[in-house]
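Please read through the structure below; I'll follow up with questions.
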Amino acid sequence: MSETSFDIIVIGAGPGGYHAAIRGAQLGLSVAVVEKDDGTGIGGLGGVCLNWGCIPSKSLLKNAEIVNHVAHAQDWGIEVGEWSASMSKAIDRSRKVSKSLTSGIGFLFKKNKITLITGKGIIKSSTQIDIEGGETLTAKNIVIATGARARSLPSLQIDGTDIITSRHALELREKPEAVAIIGASAIGCEFAYYFNSYGVNVMMFEMLQHLVPREDEDVSIELERQFGQQGIEFATSAGVSGVEKKDGRLAVQYEVSGKKQEFICDKVLLGVGVQPNTDQIGLENVGIKTNDAGYIEVDGNMRTNVGGVYAVGDVNGKLQLAHVAFDQGVVAAETIAGHETTPIDNYTNMPRCTYCQPQIASIGLTEAQAKEQGINIKIGKVPFQVAGKSVAIGEPYGFAKVITDDDSGEVIGAHIIGPEATELIAEIGMLQLLEGTNLELHKMTHAHPTLSEAVKEAGAAVSNEAIHF
């Protein structure tokens, strides 16, 4: 590599990193990206998201959905003889999907004349990065996009064999008889659905009162009902104390309401959060400030406390979702280029999605949060049956819920559980961006028959105008 000086050097090629790099190049800056992984670890081009997270897991969830359809083929008037579902072949398909998209990132780097440097980058100063075992690069600006990694618990140390993460589950080709999933947020619920679809006995453990505990309570209760019908077991308000080997299997020890119990399984999937990759990247060399949890502190333009150094994505801990990292990367690049941009100060109105079946999507405040803030609220909530298409496609379960500020008419929260919820939530996001009110939501004509009619009817229900409910 001949060039060693750039306008921007990005450390990490994940969602935030590659967005910062491409946007910077579009604005005429010289850009290099330093990435230590070739895609076989937990990163690589596209980061965890494309290699070992969002994309391959959604591929597996689609496989699981099809398996469920085939299992219930008689409901559709289809006679199916003997059949089998291979987890190994599902894994193969997910790896092909992942590879095709990471290759696409490589093409975009070439198209935008971005220099890709393979190796571990260590910050030497606010303008210099050492490539471990190699040369020193000079940058007018540095963007840290090193992401985060799965976190162990004191009594549950990840070993990749017995106690695994979603990263290991994405390569699990042999179907276990039983799996324990510790943590019932998005990752836990998605893998619970996936494993259950293939006939694995699934038991979920959540220390808080409900599954998906950060969602609106109505959503959590509905998910628990539907997971129960699917045969997924779970224990909430549960404390897991440890795992022991017993007769070649694993015994998960846990306690609910003071009663000690155990669950026998073959794998324990740990989904209790992540820790930032801020260690051993040289933050101490320049005095970059982090919070108590180790996340890099940034302002709305992704600037750290050190001039010319920015941090985007999971490493800053603002809201650890790929689409949030996308936007942060763009804002950082536009700030560096002196381009007009909009700082990111509101993370409440970022969409949050869980891709199990039923799907879950939310934006804004939950009902409990709105009440805690003393907002004068009105709520519209309708079941998916109000949208005829949901019945036609055999998915009439779940609901759409809209929360408004009754004083202004503003939609301050929306919560959807049911078919294609993760697609439907975008309508509320656009409404909020354009500063629309609930009036626009339910007065706008929605095509019939579509699932989006449930969102319209939820808006209408706020003012008791819902026609079908």
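Among residues belonging to the range 219-236 that are in contact with a strand residue (DSSP E or B) (Cβ under 6 Å, 6 or more places away or on another chain) and not hydrophobic (A, V, I, L, M, F, W, C), point out the one that is farthest from ALA71 (Cα to Cα). Walk me through it before giving the result.
Looking only at the range 219-236, we keep the residues that are in contact with a strand residue (DSSP E or B) (Cβ under 6 Å, 6 or more places away or on another chain), and these are 219, 222, 232-236.
Going one step further and asking which of them are not hydrophobic (A, V, I, L, M, F, W, C), we end up with 222, 233, 236.
Numbers: GLU222: 23, GLU233: 20, THR236: 29 Å.
Residue satisfying both the conditions and the ranking: THR236.
Kindly check whether there is at least one residue in the range 67-86 that is in a helix (DSSP H, G or I) and in contact with a helix residue (DSSP H, G or I) (Cβ under 7 Å, 6 or more places away or on another chain). Can you show your working first?
Step one: filter the range 67-86 for residues in a helix (DSSP H, G or I), giving 67-71, 73-76.
Still in the running and in contact with a helix residue (DSSP H, G or I) (Cβ under 7 Å, 6 or more places away or on another chain): 67-68.
Within the range 67-86, one or more residues are in a helix (DSSP H, G or I) and in contact with a helix residue (DSSP H, G or I) (Cβ under 7 Å, 6 or more places away or on another chain).
Go through (1) over 30 Å from LYS36 (Cβ atoms); (2) without any contact (Cβ under 8 Å) to a residue 60 or more places away in the chain and name the single condition GLU217 misses.
That leaves (2) as the condition not met.
Which ranges mark the strands (runs of 3 or more DSSP E) fully within the range 197-249 that have 1 or more residues being touching a helix residue (DSSP H, G or I) at 6+ places or on another chain (Cβ under 9 Å) and buried (at least 23 other Cβ atoms within 10 Å of the Cβ)? Before you say what the answer is, go through the steps one by one.
Values: elements: 201-206, 233-236, 238-246.
The qualifying strands (runs of 3 or more DSSP E) are 201-206.
Residues being among the hydroxyl-bearing types (Ser, Thr, Tyr) and not in a loop (DSSP other than H, G, I, E, B): count how many of those fall in the range 37-47. Break it down stepwise before answering.
From the range 37-47, those among the hydroxyl-bearing types (Ser, Thr, Tyr) are 40; that's our starting set.
Remaining after also requiring not in a loop (DSSP other than H, G, I, E, B): none.
Result for the range 37-47: 0.
Pairs under 7 Å by beta carbon, first residue closer than 24 Å to GLU174 by Cα in the range 242-266, partner modelled with pLDDT of 95 or more and of a type in the set (Lys, Arg), six or more apart or different chains?
Going by the 7 Å Cβ cut-off, the qualifying pairs are ILE264/ARG249; CYS265/ARG249; ASP266/ARG249.
If you don't mind, there's one more thing I want to ask. Restricting to the range 117-155, and then to whatever is aliphatic (A, V, I, L, M) and surrounded by fewer than 19 Cβ atoms within 10 Å (Cβ to Cβ), can you tell me which residue is nearest to the chain's Cα centre (by Cα)? Step through it out loud before you land on a result.
In the first step, residues of the range 117-155 are kept if they are aliphatic (A, V, I, L, M); the result is 117, 122-123, 129, 131, 137, 139, 142-145, 148, 150, 153.
Add one more test, that the residue is surrounded by fewer than 19 Cβ atoms within 10 Å (Cβ to Cβ), and what stays is 122, 131, 153.
Working: ILE122: 27, ILE131: 30, LEU153: 21 Å.
Filtering first and then ranking leaves LEU153.
Here is a follow-up. Yes or no: the range 438-451 includes at least one residue that is in contact (Cβ under 8 Å) with a residue 24 or more places away in the chain, out of contact with any Gly (no Cβ under 7 Å at 6 or more places or on another chain) and either assigned to a helix (DSSP H, G or I) or of a type in the set (Ser, Thr, Tyr) (or both).
There is at least one residue in the range 438-451 that is in contact (Cβ under 8 Å) with a residue 24 or more places away in the chain, out of contact with any Gly (no Cβ under 7 Å at 6 or more places or on another chain) and either assigned to a helix (DSSP H, G or I) or of a type in the set (Ser, Thr, Tyr) (or both).
So if I check each of ASN301, ASN305, which one is in a loop (DSSP other than H, G, I, E, B) and more than 19 Å from ALA21 (Cα to Cα)?
Only one candidate passes the filter, namely ASN305.
I want to confirm something. Restricting to the range 348-363 and keeping residues that are part of a loop (DSSP other than H, G, I, E, B) and of a type in the set (Ser, Thr, Tyr), which single residue is surrounded by the fewest Cβ atoms within 10 Å (Cβ to Cβ)?
Ranking the qualifying residues of the range 348-363, first place goes to THR348.
So THR146 clears everything in (1) touching a Leu at 6+ places or on another chain (Cβ under 8 Å); (2) under 19 Å from TYR310 (Cα atoms); (3) part of a loop (DSSP other than H, G, I, E, B) except one condition, right? Which one?
All conditions are met except number (1).
Condition check ((1) within 20 Å of PRO358 (Cα to Cα); (2) buried (at least 21 other Cβ atoms within 10 Å of the Cβ)) across all residues:
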residue	(1), (2)
GLN385	yes, no
SER390	yes, yes
ILE393	yes, no
ALA400	yes, yes
GLY409	no, no
GLU423	yes, no
ALA447	no, no
ALA458	yes, yes
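So, ALA73, is that one closer than 27 Å to ALA392 by Cα and hydrophobic (A, V, I, L, M, F, W, C) or not? Give the derivation first.
Values: closer than 27 Å to ALA392 by Cα: yes; hydrophobic (A, V, I, L, M, F, W, C): yes.
Against the criterion (closer than 27 Å to ALA392 by Cα and hydrophobic (A, V, I, L, M, F, W, C)), ALA73 qualifies.
Still on this model: Give the residue that is nearest to ASP75 (Cα to Cα), with candidates limited to residues of the range 378-429 that are part of a helix (DSSP H, G or I) and acidic (Asp, Glu).
In the first step, residues of the range 378-429 are kept if they are part of a helix (DSSP H, G or I); the result is 384-386, 388-392, 421-429.
Then drop every residue that is not acidic (Asp, Glu), which leaves 423, 427.
Details: GLU423: 26, GLU427: 32 Å.
It comes out as GLU423.
So PRO56 clears everything in (1) surrounded by 19 or more Cβ atoms within 10 Å (Cβ to Cβ); (2) more than 28 Å from VAL312 (Cα to Cα) except one condition, right? Which one?
So PRO56 meets the others, but not (2).
Quick check: is even one residue across the range 433-454 in contact with an Asp or Glu (Cβ under 9 Å, 6 or more places away or on another chain) and hydroxyl-bearing (Ser, Thr, Tyr)?
yes
Can I ask one more? Can you find, within the range 1-15, the residue that is farthest from ALA332 (Cα to Cα) among those that are out of contact with any strand residue (DSSP E or B) (no Cβ under 8 Å at 6 or more places or on another chain) and touching a residue at least 24 places away in the same chain (Cβ under 8 Å)?
Applying the first criterion (out of contact with any strand residue (DSSP E or B) (no Cβ under 8 Å at 6 or more places or on another chain)) to the range 1-15 yields 2, 14-15.
Retained after the next criterion (residues that are touching a residue at least 24 places away in the same chain (Cβ under 8 Å)): 14-15.
On the way: GLY14: 14, PRO15: 13 Å.
Checked the range 1-15; the qualifying residue farthest from ALA332 (Cα to Cα) is GLY14.
Against the condition farther than 25 Å from LYS175 by Cβ, assigned to a helix (DSSP H, G or I), of a type outside the set (Phe, Trp, Tyr) and within 28 Å of the chain's Cα centre (by Cα), how does LEU50 come out, does it pass?
It is true that LEU50 is farther than 25 Å from LYS175 by Cβ, assigned to a helix (DSSP H, G or I), of a type outside the set (Phe, Trp, Tyr) and within 28 Å of the chain's Cα centre (by Cα).
What's the total number of residues in the range 120-143 that are modelled with pLDDT of 95 or more and not in a strand (DSSP E or B)?
Selection size over the range 120-143: 3.
Please state which one of ILE288, ILE264 is under 21 Å from THR146 (Cβ atoms), modelled with pLDDT of 95 or more and not in a helix (DSSP H, G or I). Reasoning before the result, please.
Values: ILE264 fails: under 21 Å from THR146 (Cβ atoms).
Of the residues listed, the single one that is under 21 Å from THR146 (Cβ atoms), modelled with pLDDT of 95 or more and not in a helix (DSSP H, G or I) is ILE288.
Here's another thing I want to ask about it. List every residue pair whose Cβ atoms sit under 6 Å apart, with the two residues 6 or more apart in sequence or on different chains, where the first one lies in the range 226-237 and is under 12 Å from VAL200 (Cα atoms) and the second, anywhere, is of a type in the set (Gly, Ala, Ser).
Sorted first by the residue in the range 226-237, then by its partner, the pairs are ILE232/ALA192.
Now, a different point. Just the residues that are surrounded by 20 or more Cβ atoms within 10 Å (Cβ to Cβ) and within 15 Å of the chain's Cα centre (by Cα), please, taken from the range 308-320.
Result: GLY313, ASP314, VAL315, GLY317, LYS318.
Same structure, new question: Filtering the range 1-36 down to residues that are within 15 Å of PHE109 (Cβ to Cβ) and assigned to a loop (DSSP other than H, G, I, E, B), which residue is modelled with the lowest pLDDT?
MET1
The values are calculated or read from the model by the stated rules, or taken from the named source; none is laboratory data. These figures come from a predicted structure and were not determined experimentally. All Cβ positions, glycine included, derive from the backbone under ideal geometry; neighbour counts span all protein chains shown.
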